[in-house]
Amino acid sequence: MRETRLWSWHLLVIPIIIVLLGLHFAIMHYAPVFYGVSVEEARNFEAMIERGKSVAQLVLYILLLAAALYHGLYGLRGIIRELPMTPALGKIVDITVICVGLFIFAFGTYVTWWTFSYPVGG
Amino acid sequence: MNSNKPAYNNRLGIKGWVYAGKYTFERYLYLGHRLTGMGLIAYMLLHIIETANRMRGVVAWEGLMGLFALPLFKMIEYALFAAAVFHALNGVRLLMTELGFFLGRPKEPVYPYSSSIKRHRPLTYIIMALAALIIILGGSSLFFP
């Protein structure tokens, strides 16, 4: 039952990732096509800070971070757990993946929050 | 009972990803899905660390963005885009299979057999053609804006 629930979440986050990653690509990598500004303009420090001050961006990026990390690390865990290993080693893999995921999520959230709270004119 | 015994014997290990007898087109898409998935998660972890460079200030950030404007990094960026498009669209195909769409109705196993994989194959070709189209268009936009 636990594995079924984890697998269901793995599938449920797919639409979130497709929509938000699509937006991320459009803004950061295909700005000339979608917004009529050069990639360099879209990526300069002021533009990046200005975008980061939006509450919508703060929420959506944290959501994308959580969804992509869960989807990616769950998939990676599945690949590793397919290899021959003892149940004890399997448990260590699970715990390591959870710790890496939580650490990266906390760090990514901190960076996103740092951008959101960057002082105007600072 | 030995509790340290693996649950099953994955005799071929990673070698089995590539070849373990006659593999179909879908099996190679599965291999591509795995490889792009691992590449994307590895990149994602690096990307989070790399974008944190903004906290070191304007000069550090602009220096990094200058580096990413080099042709080598443009190529890497394009490879990532291609991997993401392939992984996403193949993932949509897998999701539809998982949910039982486009597999046809169950049939009596009468020769010549028509497997659900064969019935699903036209959709596979359409989705892969769409992925190829998006990858080509994405490349033209990235390199010739």
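Side notes on the structure shown:
- Computed packing ranks the peptides A:92-105, B:11-24, B:35-48, A:65-78 as A:65-78, B:35-48, A:92-105, B:11-24, most packed first, by mean other Cβ atoms within 10 Å.
- Taking Cα atoms only, the orientation of helix B:58-68 departs from the longest principal axis of chain B by about 50 degrees.
- Förster radius 22 Å - calculated FRET efficiency between B:SER116 and B:TYR28 (Cβ-Cβ, nearest 0.05): 0.75
- Among B:TYR78, A:PHE107, B:TYR28 the positive-end extreme of the charge dipole of the protein assembly as shown (Cβ point charges): B:TYR28
- Number of partner chain Cβ atoms within 10 Å, mean per residue of B:28-38: 1
- Positive minus negative residues near B:LYS107 (Lys, Arg vs Asp, Glu; Cβ under 15 Å): +2
- Counting Cβ atoms of other protein chains within 10 Å of each residue's Cβ and taking the mean over peptide B:41-52 gives 5.
- Using distinct alpha-carbon pairs, which all enter the 1/r mean, Kirkwood radius of the protein assembly as shown in Å: 21.1 Å
- Look at the stretch A:77-87: the mean tally of other chain Cβ atoms within 10 Å of its residues' Cβ atoms is 4.
- Exposure proxy shown here: for A:ARG81, A:ARG43, the number of other Cβ atoms within 10 Å sets the order, fewest to most, as A:ARG81, A:ARG43.
- The listed peptides B:80-91, A:13-24, ordered by packing as a protection proxy, come out as B:80-91, A:13-24 (highest mean of other Cβ atoms within 10 Å first).
- Euclidean distance of C-alpha centroids, the stretch B:58-123 and the stretch A:73-122, integer Å: 23 Å
- Sequence-separation-based contact order of the stretch A:35-122, relative, with Cα cut under 8 Å and 6+ spacing, percent: 47 percent
- Computed from the Cβ-Cβ distance with R0 of 41 Å, the FRET efficiency linking B:MET55 to B:TYR19 stands at 0.30.
- Between 0 and 90°, nearest 10: helix B:116-143 axis offset from chain B longest Cα axis: 10 degrees
- Cα gyration tensor shape for chain B, rounded if a/c is under 1.5, else prolate or oblate: oblate
Since every read-out is calculated from the coordinates, none of them should be taken as a lab result. Bear in mind the structure is a predicted one, so any value in this text is a computation, not a measurement. Methodologically, a virtual Cβ is constructed for each residue, glycine included, from the backbone with ideal geometry; neighbour enumeration extends over all protein chains shown.
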